Amino acid sequence: MNIKIPEGLVTFREQTRTGFILFALEKNRRSTPVIESTKSFKILLLNAKAAKSLLKISEIRNALLTVSGLSDKALNYFKDKAVLSLIKKFLEPCRQVFCRRSGL
């Protein structure tokens with residue numbers, strides 16, 4: 001499609017509106033699995049009595065590895081160490097906040 005006249009550059013209001021709606025629907029579609037995963041994570045987190053007990057919940061292990069901050073390559077070698085470091089450096093010092101936010 002070649003533009004021959006300046007009016008060919010104009011996007012009509014209905015086209016813009018349709019584009020925004022399609023974008024919002026796509027964004028919603030992509031975010032739904034993440035939101036559901038977060039809800040499941042929270043439910044599992046509420047079952048933890050202490051930060052170290054998170055290690056025993058296999059369903060959240062990947063999430064703990066992600067938030068540990070190590071690169072994917074490093075995680076191939078240091079999975080247990082990464083999660084333990086996360087717990088010792090961040091979760092245990094914040095025990096009061098952890099317990100309050102998780103409803104304990």
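Only the coordinates and a few stated rules stand behind these numbers; no lab work does. In this text the structure is predicted, and so the values were computed from the model without any measurement. Neighbour counts are summed over all protein chains in view; Cβ atoms, including those assigned to glycine, are modelled from backbone coordinates with ideal geometry.
Computed from the alpha carbon atoms alone, the convex hull of the chain holds 191 Å³ per residue. Relative to the Cα centre, the charge distribution of the chain, modelled as +1 at Lys and Arg Cβ and -1 at Asp and Glu Cβ, gives a dipole magnitude of about 520 debye.
Stretched out fully, how many nm does the piece from Lys79 to Glu92 gain, at 0.36 nm a residue minus the Cα gap?
Details: separation 13, 0.36 × 13 = 4.68 nm, distance 1.84 nm.
Once the chain is fully extended between Lys79 and Glu92, it gains 2.8 nm.
Using the Cβ-Cβ distance between Asn2 and Ser37 with R0 set to 41 Å, the FRET efficiency works out to roughly 0.30.
With the simple spin-label model, which puts each label point 7 Å out from Cα in the Cβ direction, the Arg29 to Arg17 separation comes to 2.2 nm.
Short-range pairs are left out: with C-alpha atoms under 8 Å and at least six residues apart, the relative contact order of segment 11-101 is 25 percent.
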